[in-house]
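Here the structure comes first, spelled out in structure tokens, and everything after it is commentary.
FYI, it's all coordinate maths here, none of it is from the lab. Predicted model, so just to flag it, every value in this text is computed and none were measured. Here the Cβ positions follow ideal geometry from the backbone for every residue, glycine too, while neighbour counts run over all protein chains shown.
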């Protein structure tokens, strides 16, 4: 059985819990040497939806073949909270 982890389906609380489990921001961990621990932390919080006692150690024991990790970075599919563009530039007051 393959466990699908889609970052866009995680709640903000689950993302925060994942970072807390590894003691590091996910953005830093996913781009560095702790990437495997970050993925395991996300697996852990997803598995806790059905098994509240699921541990990080259990997630770390999985093989990558057991996980389908989805991290959509396509700007055409930006989330509602982020359209991929920077902030709107407004004219200066009085000018």
**OP:** Sticking with the crude label model, points 7 Å out along Cα→Cβ, report the distance from residue 36 to residue 20 in nm, one decimal please.
**Re:** 2.6 nm
**OP:** Convert 25 °C to kelvin, take the viscosity as 0.890 mPa s, use the Kirkwood radius over C-alpha pairs of the stretch 3-73 as Rh, and evaluate the Stokes-Einstein diffusion coefficient in µm²/s, rounded to a whole number.
**Re:** 205 µm²/s
Original post:
residue 58 to residue 28: extension gain in nm, 0.36 nm per residue of separation minus the Cα-Cα distance?
Top reply: 8.5 nm
